[in-house]
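Here the structure comes first, spelled out in structure tokens, and everything after it is commentary.
The values are calculated or read from the model by the stated rules, or taken from the named source; none is laboratory data. Quick caveat, the model's predicted, so the values are computed rather than measured. Here the Cβ is made from the backbone with ideal geometry for all residues, glycine too, and neighbour counts use every protein chain on show.
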Amino acid sequence: MSDTAQRVAVVTGASRGIGRAVALRLADPGRANRHVVLSARSEGPLDDLRASIEASGGKATVLAVDVGDAKALQAAVDSVAEKLGRLDILVNNAGITKDGLALRMSDEDWDLVLDTNLKSAFVATRAAARHMMRGRFGRIVNISSTSGVVGNAGQANYAAAKAGMIGLTKTIARELGAKGITCNAVAPGFIATDMTDNLPQNIKDDLQKMIAVRRLGTPEDIAAAVEYLTSDESGFLTGQCLVVDGGMTMA
């Protein structure tokens with residue numbers, strides 16, 4: 001990397017799945033010089049991840065914060081920059097689902113998903129960008145979804161939040177590009193998780209038939225895309241939504 005100082009990266013929702021894979025990849029000392037701040041609602045699930053990163057020679061810090069609490073999230077992001085002296089990379093990955101048909105969806109389920117998935121990305125980005133501007137460098141990556149690109153029945157709240165993240169991405173890219181800060185989104189398709197592992201084989205087969213490469217994605221597939229978008233080499237790429245879905249939704 002062009003800057004010999006250690007980059008500081010914050011990954012929200014780092015305790016499992018995509019967030020965990022992203023954190024492991026960004027913290028890999030064989031790939032880059034980064035200190036990764038692992039964020040989740042509580043510290044417990046992150047202790048093993050921090051230990052794994054440190055055992056491999058990487059550097060990690062645990063940050064417990066509820067991203068649905070805007071004031072706490074703002075303070076947490078500020079504390080990272082204050083304690084570590086800089087903040088260079090933000091991966092907005094934290095998210096939840098509260099699925100249901102739109103006609104039956106409660107206001108509470110709508111608000112909870114929008115606050116957790118979309119508002120948190122805005123709050124964290126606003127806080128992080130102020131610190132990134134001081135260093136004239138920043139990489140912001142928002143983890144969206146193919147549900148936000150093409151919609152998905154039963155996910156009005158989730159799809160709206162993920163589509164909103166794409167709009168937020170493009171706006172932040174326009175506003176902060178001249179400051180050396182890029183902002184991009186990654187939209188995963190069907191990703192293999194503990195939940196998909198429990199699906200009957202015939203349903204898995206049907207899902208794979210929808211995907212051009214004939215397999216479900218892995219968290220590592222998404223982490224590889226995030227790694228590039230957070231690198232120094234990605235400085236001329238901003239305001240984009242990279243769909244990583246094995247060709248499922250290609251036009």
Single match in 142, 152 (criterion: outside any helix (DSSP H, G or I), closer than 23 Å to residue 223 by Cα, out of contact with any Gly (no Cβ under 8 Å at 6 or more places or on another chain) and not basic (Lys, Arg)):
142
Might you check whether a residue that is over 30 Å from residue 105 (Cβ atoms), part of a helix (DSSP H, G or I) and modelled with pLDDT of 95 or more occurs anywhere in region 179-201?
yes
Conditions first: (1) at pLDDT 95 or above; (2) surrounded by fewer than 15 Cβ atoms within 10 Å (Cβ to Cβ). Residue 4 passes all but one, so which condition is the exception?
(1)
Being touching a residue at least 60 places away in the same chain (Cβ under 8 Å), surrounded by 19 or more Cβ atoms within 10 Å (Cβ to Cβ) and touching a Lys or Arg at 6+ places or on another chain (Cβ under 6 Å), is that true of even one residue in region 129-152?
yes
Within region 99-114, how many residues are loosely packed, with under 14 Cβ neighbours inside 10 Å and of a type outside the set (S, T, N, Q)?
6
Looking at the structure I just gave you, is residue 96 closer than 22 Å to residue 24 by Cα and either surrounded by fewer than 23 Cβ atoms within 10 Å (Cβ to Cβ) or out of contact with any helix residue (DSSP H, G or I) (no Cβ under 8 Å at 6 or more places or on another chain) (or both)?
yes
When the residues of region 177-216 are filtered to those that are under 16 Å from the mean Cα position of the chain (by Cα) and not β-branched (Val, Ile, Thr), which remaining residue is surrounded by the fewest Cβ atoms within 10 Å (Cβ to Cβ)?
190
Looking at residue 42 and the list (1) surrounded by fewer than 15 Cβ atoms within 10 Å (Cβ to Cβ); (2) modelled with pLDDT of 95 or more, which single condition is not satisfied?
(2)
Among the numbered conditions (1) on the phi > 0 side of the Ramachandran plot; (2) buried (at least 22 other Cβ atoms within 10 Å of the Cβ), tell me where residue 49 comes up short.
(1)
May I ask you to list pairs of residues, at least six apart or on different chains, whose Cβ atoms are under 6 Å apart, with the first in region 221-235 being closer than 18 Å to residue 145 by Cα and the second being of a type in the set (Lys, Arg) and surrounded by fewer than 19 Cβ atoms within 10 Å (Cβ to Cβ)?
none
Scan region 49-68 for residues that are under 14 Å from residue 9 (Cα atoms) and assigned to a strand (DSSP E or B) and report the count.
5
Scanning region 216-251 for residues that are part of a strand (DSSP E or B) and among the aliphatic types (A, V, I, L, M), the one farthest from residue 179 (Cα to Cα) turns out to be 244
